[in-house]
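These notes concern the structure reproduced below.
The values are calculated or read from the model by the stated rules, or taken from the named source; none is laboratory data. Note that the structure is a prediction, hence the values are computed from the model and not measured. Cβ coordinates were reconstructed from backbone atoms using ideal geometry, including for glycine residues, and neighbour counts include every protein chain displayed. We work out accessible area using only protein heavy atoms, side chains counted, and drop any ligands, DNA or RNA first. Shrake-Rupley method; radii C 1.70, N 1.55, O 1.52, S 1.80 Å.
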Amino acid sequence: MFRCSQCQPGTQKKKLFKAEGYWIYECSKCSHQFADVQTNAEHADSVYGDDYFVGGKAGYPDYVRDASLLTKRGIYYGKVLQKYMPPGSILDIGAAAGFILKGFTQCGWQGIGVEPNARMSAFATNEVGVDVRHGTIEDLEIDRQFDLVSMIQVLPHFYDLNKGLERVAALTKPGGYWLIETWNKDSRTARFLKSAWHEYSPPSVLHWFSPKTIAFFGGALGMKVIARGRPTKKISGAHAKSLISYKIENKPVDKVIRPLLRLIPEKLNIPYPAEDLFWILLQKQSVHSNHKSVFADGKE
Ligand SMILES: [Zn+2]
């Protein structure tokens, strides 16, 4: 089972609860949460098959239909980053069909994506016009470093988190950045809903983070947190309905809520109340880093 590399050896973990039939554990030292799932390179192949992008459930009902929303998301982050650095080279991990990477390129960034689903990476390259390589970040050969590595809603899916982050650190230029967007296990929503929180959906999701645990994992690899915030996010009605109906399936509330779902138009873009979602920007420490850490003054 997973062990945070910097908490070894012999760190205790506690069982929290079961979600989707898998135990969720918490590291007693750093509070990182992870699922009891045996993972290897084939894990990514089986979980992020074509069904993940078109099959609904915990994945996407139709990822390609959300193209313009996703491209706007890349543009949103391109604008966020302007405050901290000029555009440069980018590595986008978990690039899927390349829409978010395309948004970054429209803000002046240039680079490549990595995506474990072969159909998605081919679509990105052939139809969207961005260079997305087929593979996992844990295993794919990449022989250059980047100014920025973006990990938008992908870190919880790394099949080998320790190895993946070590590779990402090696692929980051000195003074380069990581932009991470992920769900906050310490948010009010997550703590209130416990196992019913939508992000507790193993085996596609394997890890649950907070700004503090990201700072901890990044810090062990020479990365310092320099900014964080909450994204404004919209999701399509179709995606919202798919997520909700998966969560209520076979539960007592199903009868009450399912008829109401039909009232949500598929194409409507719904503002997502993103209290449980955050972005965080880290910089690889070098003599040239001059940003003040947002954790340095003791504030979260
Ligand atoms: Zn730990």
Where does each of PHE158, PHE17 land when they are ordered by accessible area, with a 1.4 Å probe and the largest first? PHE17, PHE158
Could you give the size of the charge dipole of the chain about its Cα centre, using +1 on the Cβ of each K and R and -1 on the Cβ of each D and E, expressed in debye and rounded to the nearest 20? 1220 debye
Taking a threshold of 20 Å on the Cα-Cα distance, which of the pairs LYS18/LYS185; LYS72/LYS284; LYS102/LYS284; LYS15/LYS163; LYS13/LYS224 fall above it? LYS72/LYS284; LYS102/LYS284; LYS15/LYS163; LYS13/LYS224
Solvent-accessible area of VAL154 with every protein chain in place, 1.4 Å probe, in Å² to the nearest 10: 20 Å²
Rounded to the nearest 10 Å², the accessible area of SER121 using a 1.4 Å probe with every protein chain kept is 10 Å²
Gyration tensor (alpha-carbon) shape descriptor, region 67-217, a/c threshold 1.5: rounded
If you count only protein heavy atoms with a 1.4 Å probe, what accessible area per residue comes out for the chain, rounded to a whole Å²? 47 Å²
Using a Förster radius of 41 Å, what is the FRET efficiency between GLN38 and GLN82 based on their Cβ-Cβ separation? Nearest 0.05, please. 0.45
Solvent-accessible area, 1.4 Å probe, carbon plus sulfur percent, for region 71-181: 49 percent
How long are the semi-axes of the equivalent ellipsoid of region 99-177, taking √(5λ) for every eigenvalue λ of the Cα gyration tensor, in whole Å from largest down? 20, 16, 11
Whole-Hz ³J(HN,Hα) for each residue in region 274-284, computed from phi via Karplus 6.51 cos²θ - 1.76 cosθ + 1.60 with θ = phi - 60°, x for glycine and proline: what do you get? 7, 5, 9, 10, 8, 10, 8, 10, 10, 10, 6
Counting only Cβ distances under 4.7 Å between cysteines, those in the chain with no partner are CYS27, CYS30, CYS107
Amide H of LYS185 versus every other amide H placed in the peptide plane: which residues, excluding those fewer than 5 positions away on the same chain, fall under 5 Å? PHE209, SER210
Inter-part distance where region 171-201 and region 215-245 are each reduced to a Cα centre, Å: 5 Å
Could you give log10 I(q)/I(0) at q = 0.13, 0.16 Å⁻¹ for the chain, computed by the Debye formula over C-alpha point scatterers of equal weight, without solvent? -0.94, -1.49
Restricting to the chain, what percent of DSSP beta bridges are antiparallel, rounded to 5? 60 percent
When N is the residue count of region 151-251, what does its C-alpha Rg come to as a fraction of 2.2 N^0.38 Å? 1.21
Show PHE2, PHE217 ordered by accessible area, largest first, where the area counts protein heavy atoms only and the probe is 1.4 Å. PHE2, PHE217
If you put +1 on each Lys and Arg Cβ and -1 on each Asp and Glu Cβ, how big is the dipole of region 168-243 around its Cα centre, in Debye rounded to 20? 260 debye
Excluding residues on the same chain fewer than 8 positions from LYS267, give the aspartates and glutamates whose Cα lies under 17 Å from its Cα. ASP62, ASP66
Label region 101-145 by shape, choosing from rounded, prolate and oblate, from the square roots a ≥ b ≥ c of the eigenvalues of the Cα gyration tensor; if a/c is under 1.5 it is rounded, and otherwise prolate applies when a/b is larger than b/c, oblate when it is not. oblate
Which of GLY135, GLY74, GLY21 moves the most in a Gaussian network model of the chain with Cα springs under 10 Å? GLY21
Keeping all protein chains in position, work out how much accessible area ILE270 exposes to a 1.4 Å probe, and write it in Å² to the nearest 10. 40 Å²
